[in-house]
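Down below is the structure, laid out as C-alpha coordinates.
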Amino acid sequence: MHLLRRSVSSLFHKPPIVCAMSVTENLSKQKDCRAILDSPGVPRDPDAYPISWSRRNLIAVVCLFDIFYQDLNTKSVSQLCRSTHSTTSVIQWAGDGVENYLASGNNSGSVLIWDAGTPGRGQVLCNWRGTPFDSIKSLAWNQTVLATGAASGELSLIDTRVANTISKVGLHTHPLVGLQWSSDGTFLASGDKSGIVQIWDRRVGKSLLDGADTKKIRHRGSAKALSWCPWKRDLLATGTTAPEGKIRIWNTSSMTSPVPTPERTIPLNTSVTSLHWSPHCKEILSTHGSSFTPVLQSRSQNSANAGKLSHTKTPLVNSIAVHQYPSCKRLMTLTDAHSSVVTHSCLSPEGESIFTVCPREETIKMWKVWSAPKPIGKRECAFDKYAIR
(Lines give C-alpha, C1' and ligand atoms only; values in the text may rest on other atoms or scores of the structure.)
Protein backbone atom coordinates (compact mmCIF):
# COMPACT_ATOMS: atom_id res chain seq x y z
CA MET A 1 0.00 0.00 0.00
CA HIS A 2 2.86 2.35 0.84
CA LEU A 3 4.54 1.64 -2.51
CA LEU A 4 1.25 2.25 -4.30
CA ARG A 5 0.84 5.57 -2.50
CA ARG A 6 4.38 6.56 -3.51
CA SER A 7 3.86 5.62 -7.15
CA VAL A 8 0.60 7.57 -7.34
CA SER A 9 2.14 10.66 -5.73
CA SER A 10 5.01 10.54 -8.22
CA LEU A 11 2.50 11.02 -11.03
CA PHE A 12 1.60 14.43 -9.62
CA HIS A 13 5.14 15.45 -8.69
CA LYS A 14 6.50 18.22 -10.87
CA PRO A 15 10.30 18.44 -11.03
CA PRO A 16 11.67 21.94 -10.35
CA ILE A 17 12.14 24.07 -13.45
CA VAL A 18 15.83 24.63 -14.09
CA CYS A 19 16.68 28.01 -15.60
CA ALA A 20 19.85 27.82 -17.68
CA MET A 21 20.38 31.54 -17.20
CA SER A 22 20.36 31.37 -13.39
CA VAL A 23 23.38 31.49 -11.12
CA THR A 24 22.49 27.95 -10.02
CA GLU A 25 23.49 26.69 -13.48
CA ASN A 26 26.56 28.91 -13.80
CA LEU A 27 28.64 30.25 -10.89
CA SER A 28 27.18 27.68 -8.47
CA LYS A 29 28.59 24.87 -10.62
CA GLN A 30 31.84 26.56 -11.68
CA LYS A 31 33.07 28.59 -8.72
CA ASP A 32 36.58 29.29 -9.98
CA CYS A 33 37.21 32.79 -11.30
CA ARG A 34 37.77 33.08 -15.04
CA ALA A 35 40.61 35.60 -14.82
CA ILE A 36 42.84 37.34 -12.26
CA LEU A 37 44.49 40.66 -13.13
CA ASP A 38 47.16 42.31 -10.99
CA SER A 39 46.26 45.84 -9.92
CA PRO A 40 49.15 47.31 -7.91
CA GLY A 41 48.25 50.54 -6.18
CA VAL A 42 44.49 50.16 -6.57
CA PRO A 43 42.80 52.67 -4.19
CA ARG A 44 42.18 51.33 -0.68
CA ASP A 45 39.29 53.72 -0.04
CA PRO A 46 36.20 51.49 0.44
CA ASP A 47 34.10 54.19 -1.25
CA ALA A 48 36.25 54.22 -4.40
CA TYR A 49 35.16 53.04 -7.86
CA PRO A 50 38.54 51.87 -9.21
CA ILE A 51 37.27 49.56 -12.00
CA SER A 52 34.82 49.92 -14.88
CA TRP A 53 33.80 47.63 -17.77
CA SER A 54 32.96 49.21 -21.13
CA ARG A 55 30.48 48.27 -23.86
CA ARG A 56 33.54 47.52 -26.05
CA ASN A 57 34.71 44.88 -23.55
CA LEU A 58 37.51 47.01 -22.08
CA ILE A 59 38.22 46.73 -18.35
CA ALA A 60 39.75 49.89 -16.87
CA VAL A 61 41.47 50.05 -13.48
CA VAL A 62 43.09 52.75 -11.37
CA CYS A 63 46.62 51.83 -10.27
CA LEU A 64 48.09 54.54 -8.01
CA PHE A 65 48.57 57.56 -10.32
CA ASP A 66 47.78 55.69 -13.55
CA ILE A 67 44.68 54.47 -15.34
CA PHE A 68 45.17 51.34 -17.43
CA TYR A 69 42.69 49.39 -19.51
CA GLN A 70 42.82 45.95 -21.07
CA ASP A 71 40.99 44.82 -24.20
CA LEU A 72 39.54 41.52 -23.03
CA ASN A 73 39.19 40.35 -26.64
CA THR A 74 42.83 40.86 -27.65
CA LYS A 75 44.38 40.92 -24.11
CA SER A 76 46.31 44.07 -25.04
CA VAL A 77 46.95 46.56 -22.20
CA SER A 78 47.10 50.35 -22.66
CA GLN A 79 47.97 53.19 -20.32
CA LEU A 80 45.25 55.82 -20.64
CA CYS A 81 46.84 58.53 -18.50
CA ARG A 82 49.04 59.38 -15.54
CA SER A 83 48.24 61.96 -12.87
CA THR A 84 51.03 63.78 -11.05
CA HIS A 85 49.08 66.30 -8.98
CA SER A 86 46.02 64.43 -7.69
CA THR A 87 44.69 60.98 -6.85
CA THR A 88 41.97 59.34 -8.95
CA SER A 89 39.43 57.29 -7.01
CA VAL A 90 36.48 56.92 -9.38
CA ILE A 91 36.26 55.98 -13.08
CA GLN A 92 33.27 55.20 -15.27
CA TRP A 93 32.91 54.20 -18.94
CA ALA A 94 30.08 55.83 -20.88
CA GLY A 95 27.25 53.92 -22.58
CA ASP A 96 25.67 53.66 -26.01
CA GLY A 97 26.78 56.22 -28.56
CA VAL A 98 29.83 57.36 -26.56
CA GLU A 99 31.37 53.99 -25.65
CA ASN A 100 34.90 55.38 -26.11
CA TYR A 101 34.49 57.95 -23.32
CA LEU A 102 35.91 57.30 -19.86
CA ALA A 103 35.25 59.75 -17.02
CA SER A 104 37.60 60.02 -14.05
CA GLY A 105 37.18 61.98 -10.82
CA ASN A 106 39.97 62.97 -8.43
CA ASN A 107 40.55 64.35 -4.95
CA SER A 108 41.16 67.89 -6.21
CA GLY A 109 37.53 68.21 -7.34
CA SER A 110 38.12 67.80 -11.08
CA VAL A 111 36.39 65.51 -13.57
CA LEU A 112 38.24 64.56 -16.76
CA ILE A 113 36.57 62.91 -19.73
CA TRP A 114 38.89 60.91 -21.97
CA ASP A 115 38.50 59.56 -25.49
CA ALA A 116 39.91 56.03 -25.40
CA GLY A 117 38.90 55.17 -28.94
CA THR A 118 42.39 54.01 -29.94
CA PRO A 119 44.97 52.05 -27.91
CA GLY A 120 47.47 54.10 -25.97
CA ARG A 121 47.25 57.51 -24.35
CA GLY A 122 43.78 59.00 -24.30
CA GLN A 123 42.75 62.46 -25.43
CA VAL A 124 41.17 64.80 -22.88
CA LEU A 125 37.79 65.96 -24.19
CA CYS A 126 36.69 67.82 -21.09
CA ASN A 127 38.34 69.01 -17.88
CA TRP A 128 35.61 70.19 -15.56
CA ARG A 129 36.81 71.81 -12.36
CA GLY A 130 34.43 71.78 -9.44
CA THR A 131 34.94 73.27 -6.02
CA PRO A 132 38.70 73.09 -5.26
CA PHE A 133 39.64 70.04 -3.17
CA ASP A 134 36.02 68.86 -3.01
CA SER A 135 36.82 65.23 -3.89
CA ILE A 136 34.73 63.54 -6.57
CA LYS A 137 33.21 60.43 -4.96
CA SER A 138 30.86 59.03 -7.62
CA LEU A 139 30.02 59.24 -11.33
CA ALA A 140 27.14 57.99 -13.49
CA TRP A 141 26.54 58.30 -17.25
CA ASN A 142 23.22 58.84 -19.01
CA GLN A 143 24.09 58.98 -22.74
CA THR A 144 26.07 62.24 -23.10
CA VAL A 145 25.18 63.53 -19.63
CA LEU A 146 27.48 62.75 -16.71
CA ALA A 147 26.28 63.00 -13.11
CA THR A 148 28.94 63.74 -10.49
CA GLY A 149 28.80 63.41 -6.71
CA ALA A 150 31.23 65.22 -4.43
CA ALA A 151 32.49 64.84 -0.87
CA SER A 152 30.55 67.97 0.07
CA GLY A 153 27.34 66.23 -1.03
CA GLU A 154 26.94 68.37 -4.14
CA LEU A 155 25.28 66.67 -7.14
CA SER A 156 25.96 68.14 -10.60
CA LEU A 157 25.27 67.29 -14.23
CA ILE A 158 27.79 67.80 -17.04
CA ASP A 159 26.82 67.79 -20.73
CA THR A 160 29.79 66.43 -22.70
CA ARG A 161 28.49 67.99 -25.93
CA VAL A 162 29.18 71.49 -24.62
CA ALA A 163 31.63 70.61 -21.79
CA ASN A 164 29.58 72.63 -19.37
CA THR A 165 27.56 71.98 -16.24
CA ILE A 166 23.85 71.77 -16.94
CA SER A 167 22.88 72.42 -13.35
CA LYS A 168 23.60 71.87 -9.71
CA VAL A 169 20.86 69.31 -9.14
CA GLY A 170 20.91 69.12 -5.38
CA LEU A 171 22.87 68.82 -2.20
CA HIS A 172 23.28 66.03 0.31
CA THR A 173 24.73 66.89 3.70
CA HIS A 174 27.30 64.07 3.60
CA PRO A 175 29.71 62.67 0.97
CA LEU A 176 27.77 61.49 -2.06
CA VAL A 177 29.16 57.96 -2.48
CA GLY A 178 26.55 56.36 -4.77
CA LEU A 179 24.96 57.39 -8.10
CA GLN A 180 22.89 55.30 -10.50
CA TRP A 181 20.62 56.19 -13.45
CA SER A 182 17.50 54.15 -14.13
CA SER A 183 17.56 52.06 -17.32
CA ASP A 184 15.44 54.58 -19.23
CA GLY A 185 17.45 57.59 -17.97
CA THR A 186 14.47 59.21 -16.26
CA PHE A 187 15.49 58.84 -12.62
CA LEU A 188 18.82 59.27 -10.86
CA ALA A 189 19.35 57.67 -7.45
CA SER A 190 21.94 59.23 -5.14
CA GLY A 191 23.15 57.79 -1.85
CA ASP A 192 25.35 59.40 0.77
CA LYS A 193 27.64 58.30 3.57
CA SER A 194 24.97 58.86 6.24
CA GLY A 195 22.52 56.50 4.50
CA ILE A 196 20.20 59.05 2.89
CA VAL A 197 19.02 58.12 -0.62
CA GLN A 198 17.32 60.60 -2.93
CA ILE A 199 15.66 59.87 -6.28
CA TRP A 200 15.82 62.72 -8.78
CA ASP A 201 13.40 63.10 -11.68
CA ARG A 202 15.38 64.46 -14.64
CA ARG A 203 12.21 65.72 -16.33
CA VAL A 204 11.46 68.22 -13.58
CA GLY A 205 14.89 68.60 -12.03
CA LYS A 206 13.91 67.79 -8.46
CA SER A 207 13.77 64.85 -6.08
CA LEU A 208 10.79 62.52 -5.99
CA LEU A 209 11.10 62.76 -2.23
CA ASP A 210 10.98 66.57 -1.98
CA GLY A 211 8.85 67.76 0.87
CA ALA A 212 8.87 66.79 4.51
CA ASP A 213 12.17 65.60 5.90
CA THR A 214 10.57 62.30 6.93
CA LYS A 215 10.04 61.39 3.26
CA LYS A 216 13.72 60.81 2.58
CA ILE A 217 14.80 57.20 2.18
CA ARG A 218 16.84 56.59 5.31
CA HIS A 219 19.29 53.82 6.14
CA ARG A 220 21.51 53.23 9.17
CA GLY A 221 24.66 52.65 7.11
CA SER A 222 26.45 54.18 4.14
CA ALA A 223 24.37 53.79 0.97
CA LYS A 224 26.98 53.32 -1.76
CA ALA A 225 25.44 50.22 -3.35
CA LEU A 226 22.60 51.22 -5.71
CA SER A 227 21.12 49.31 -8.64
CA TRP A 228 18.06 49.87 -10.86
CA CYS A 229 16.30 46.81 -12.21
CA PRO A 230 16.69 46.52 -16.03
CA TRP A 231 13.47 44.53 -16.60
CA LYS A 232 11.21 46.39 -14.12
CA ARG A 233 12.10 50.05 -14.36
CA ASP A 234 10.52 51.20 -11.10
CA LEU A 235 12.55 48.87 -8.86
CA LEU A 236 15.59 50.26 -7.05
CA ALA A 237 17.83 48.13 -4.83
CA THR A 238 19.92 49.76 -2.09
CA GLY A 239 22.61 48.13 0.03
CA THR A 240 24.23 49.43 3.19
CA THR A 241 27.40 48.91 5.20
CA ALA A 242 27.81 48.61 8.99
CA PRO A 243 26.04 49.06 11.32
CA GLU A 244 23.04 48.01 9.20
CA GLY A 245 24.09 45.60 6.44
CA LYS A 246 20.82 45.15 4.55
CA ILE A 247 19.53 45.05 0.99
CA ARG A 248 16.27 46.88 0.41
CA ILE A 249 14.18 46.94 -2.75
CA TRP A 250 12.02 50.01 -3.38
CA ASN A 251 9.23 50.69 -5.86
CA THR A 252 9.37 54.25 -7.16
CA SER A 253 5.70 54.15 -8.16
CA SER A 254 4.81 54.14 -4.44
CA MET A 255 7.17 56.94 -3.39
CA THR A 256 4.23 59.32 -3.01
CA SER A 257 3.40 57.83 0.39
CA PRO A 258 4.30 60.00 3.42
CA VAL A 259 7.01 57.58 4.59
CA PRO A 260 8.66 55.49 1.83
CA THR A 261 8.76 51.81 2.75
CA PRO A 262 10.71 49.12 0.93
CA GLU A 263 8.93 46.43 -1.04
CA ARG A 264 11.42 43.82 0.15
CA THR A 265 14.17 43.73 2.81
CA ILE A 266 17.03 41.22 2.98
CA PRO A 267 18.82 41.43 6.37
CA LEU A 268 22.41 40.18 6.09
CA ASN A 269 24.32 41.74 9.01
CA THR A 270 27.16 42.13 6.54
CA SER A 271 28.44 45.22 4.72
CA VAL A 272 27.02 45.43 1.19
CA THR A 273 29.54 47.07 -1.15
CA SER A 274 27.86 46.73 -4.58
CA LEU A 275 24.68 45.43 -6.23
CA HIS A 276 23.79 44.21 -9.74
CA TRP A 277 20.46 43.00 -11.12
CA SER A 278 20.70 40.27 -13.72
CA PRO A 279 19.32 41.41 -17.09
CA HIS A 280 18.50 37.78 -17.95
CA CYS A 281 16.65 36.41 -14.91
CA LYS A 282 15.01 37.60 -11.71
CA GLU A 283 18.11 37.62 -9.53
CA ILE A 284 20.27 40.23 -7.84
CA LEU A 285 23.96 39.94 -6.94
CA SER A 286 25.67 41.53 -3.95
CA THR A 287 29.32 41.81 -2.89
CA HIS A 288 30.41 42.02 0.72
CA GLY A 289 32.92 42.97 3.34
CA SER A 290 32.84 42.06 7.03
CA SER A 291 29.96 40.54 9.00
CA PHE A 292 28.94 41.84 12.41
CA THR A 293 26.55 41.38 15.29
CA PRO A 294 23.71 43.91 14.97
CA VAL A 295 23.52 46.58 17.65
CA LEU A 296 20.29 48.30 18.66
CA GLN A 297 20.92 52.04 18.55
CA SER A 298 19.48 55.34 17.45
CA ARG A 299 20.33 56.78 14.07
CA SER A 300 22.37 59.59 15.69
CA GLN A 301 24.68 56.98 17.23
CA ASN A 302 25.52 55.24 13.94
CA SER A 303 28.89 56.81 13.17
CA ALA A 304 30.05 56.67 16.78
CA ASN A 305 29.19 52.98 17.25
CA ALA A 306 30.10 51.66 13.79
CA GLY A 307 33.68 51.07 14.87
CA LYS A 308 32.56 49.30 18.08
CA LEU A 309 30.63 46.54 16.31
CA SER A 310 31.45 42.96 17.14
CA HIS A 311 32.70 41.38 13.91
CA THR A 312 31.84 37.76 13.32
CA LYS A 313 32.84 35.07 10.82
CA THR A 314 29.94 34.11 8.56
CA PRO A 315 29.71 32.64 5.04
CA LEU A 316 29.02 36.16 3.74
CA VAL A 317 32.40 37.61 4.77
CA ASN A 318 34.25 38.97 1.68
CA SER A 319 31.76 37.08 -0.47
CA ILE A 320 29.66 37.21 -3.62
CA ALA A 321 26.01 36.33 -3.03
CA VAL A 322 23.04 36.02 -5.38
CA HIS A 323 19.42 36.37 -4.27
CA GLN A 324 16.19 35.46 -6.02
CA TYR A 325 13.45 38.03 -6.61
CA PRO A 326 10.76 38.39 -5.32
CA SER A 327 11.25 35.56 -2.81
CA CYS A 328 14.61 37.03 -1.62
CA LYS A 329 15.87 33.45 -1.22
CA ARG A 330 19.65 33.27 -1.32
CA LEU A 331 20.60 31.04 -4.25
CA MET A 332 24.37 31.06 -3.82
CA THR A 333 27.11 32.33 -1.53
CA LEU A 334 30.69 32.31 -2.75
CA THR A 335 32.48 32.63 0.59
CA ASP A 336 35.88 34.35 0.63
CA ALA A 337 35.78 35.31 -3.03
CA HIS A 338 38.76 37.43 -1.98
CA SER A 339 40.94 37.26 1.14
CA SER A 340 39.71 40.68 2.28
CA VAL A 341 36.89 43.16 1.62
CA VAL A 342 35.39 43.18 -1.88
CA THR A 343 35.09 46.96 -2.19
CA HIS A 344 33.51 47.21 -5.64
CA SER A 345 32.36 45.26 -8.69
CA CYS A 346 31.20 45.96 -12.25
CA LEU A 347 28.94 44.07 -14.65
CA SER A 348 30.00 42.95 -18.13
CA PRO A 349 28.37 44.50 -21.21
CA GLU A 350 26.44 41.31 -22.01
CA GLY A 351 25.28 40.99 -18.39
CA GLU A 352 26.80 37.56 -17.71
CA SER A 353 30.00 38.21 -15.73
CA ILE A 354 31.37 40.56 -13.10
CA PHE A 355 34.79 41.85 -12.10
CA THR A 356 35.44 42.27 -8.37
CA VAL A 357 38.23 44.25 -6.73
CA CYS A 358 40.08 43.70 -3.46
CA PRO A 359 42.56 46.51 -2.63
CA ARG A 360 44.38 44.50 0.01
CA GLU A 361 45.13 41.75 -2.53
CA GLU A 362 45.78 44.32 -5.28
CA THR A 363 43.91 42.07 -7.71
CA ILE A 364 40.70 42.09 -9.69
CA LYS A 365 38.88 38.84 -10.54
CA MET A 366 36.37 37.93 -13.23
CA TRP A 367 33.48 35.56 -12.45
CA LYS A 368 30.89 34.03 -14.80
CA VAL A 369 27.62 34.48 -12.89
CA TRP A 370 24.75 34.15 -15.38
CA SER A 371 24.12 33.11 -18.98
CA ALA A 372 22.26 35.01 -21.67
CA PRO A 373 19.24 33.24 -23.17
CA LYS A 374 19.96 31.22 -26.27
CA PRO A 375 18.59 32.74 -29.47
CA ILE A 376 15.29 31.22 -30.49
CA GLY A 377 15.51 29.61 -33.92
CA LYS A 378 12.85 30.07 -36.53
CA ARG A 379 10.09 27.50 -36.21
CA GLU A 380 9.71 25.22 -39.18
CA CYS A 381 6.60 25.87 -41.22
CA ALA A 382 4.94 23.79 -43.93
CA PHE A 383 5.00 26.79 -46.25
CA ASP A 384 8.83 26.81 -46.04
CA LYS A 385 8.96 23.41 -47.75
CA TYR A 386 6.42 23.88 -50.46
CA ALA A 387 5.78 26.64 -52.95
CA ILE A 388 2.25 27.84 -53.60
CA ARG A 389 1.44 28.39 -57.27
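The values are calculated or read from the model by the stated rules, or taken from the named source; none is laboratory data. None of the values given here were measured: they were computed from a predicted structure. When we count neighbours, we look across all protein chains shown, and the Cβ atoms used for this are built from the backbone with ideal geometry, even at glycine. Remember, those area values only see protein heavy atoms, side chains included, never the ligands or the DNA or RNA. Shrake-Rupley method; radii C 1.70, N 1.55, O 1.52, S 1.80 Å.
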Given backbone amide H placed at 1.01 Å from N, residues whose amide H is under 5 Å from that of Gln180, ignoring those fewer than 5 places away on the same chain, are Ala189
Counting only protein heavy atoms and leaving out ligands, DNA and RNA, the solvent-accessible surface of Leu171 at a 1.4 Å probe, in Å² to the nearest 10, equals 120
Stretched fully, the stretch from Lys206 through Thr312 gains (0.36 nm per residue minus C-alpha distance, one decimal, in nm) 34.0 nm
Looking only at aspartates and glutamates whose Cα falls under 20 Å of Lys31's and that sit 8 or more positions away or on another chain, we get Glu283, Asp336, Glu350, Glu352, Glu361
On the accessible surface of segment 174-236, probed at 1.4 Å with all protein chains in place, carbon and sulfur together account for a percent value of 48
In order over segment 218-223: 3J(HN,Hα) from phi, Karplus 6.51/-1.76/1.60, θ = phi - 60°, whole Hz, x for each Gly or Pro, gives 10, 10, 9, x, 4, 10
Leu125 and Arg218 label points (each 7 Å along its Cα→Cβ direction) are spaced in nm at 4.2
For Gly195, other-chain or 5+-apart residues with amide H closer than 5 Å (H placed, Pro excluded) are Ala223
In this structure, the FRET efficiency calculated for Asp66 and Gln143 from their beta-carbon separation, with R0 = 22 Å, to the nearest 0.05, is 0.20
Rounded to the nearest 10 Å², the 1.4 Å probe accessible area of Met21 is 50
Distance in Å, no decimals, from the C-alpha centre of segment 186-255 to the one of segment 45-107 is 26
Any aspartates and glutamates whose Cα falls less than 13 Å from that of Lys216, other than same-chain ones fewer than 8 residues away, would be Asp192
A correct Karplus calculation of ³J(HN,Hα) over segment 51-66, with 6.51 cos²θ - 1.76 cosθ + 1.60, θ = phi - 60°, whole Hz and x for Gly and Pro, returns 9, 7, 10, 8, 5, 8, 6, 10, 9, 9, 8, 8, 10, 6, 9, 10
The simple spin-label model distance between Ser339 and Ser28, using points 7 Å out along Cα→Cβ, in nm, is 3.0
On the formula 1/(1 + (r/R0)^6), with r taken between the Cβ atoms of Thr74 and Thr173 and R0 of 35 Å, the FRET efficiency rounded to 0.05 is 0.15
Rounded to the nearest 10 Å², the 1.4 Å probe accessible area of Tyr325 is 30
The simple spin-label model distance between Asn57 and Cys328, using points 7 Å out along Cα→Cβ, in nm, is 3.8
Regression test value, accessible area per residue of segment 219-374, probe 1.4 Å, units Å², expected 38
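Given a 1.4 Å probe and heavy atoms of the protein chains only, how would you sort Phe133, Phe68, Phe187, largest accessible area at the top?
Of Phe133, Phe68, Phe187, the descending order of accessible area is Phe133, Phe68, Phe187.
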Taking Rh as the Kirkwood radius computed over alpha-carbon pairs of the chain and applying Stokes-Einstein at 10 °C with viscosity 1.306 mPa s, one gets a diffusion coefficient in µm² s⁻¹ of 72
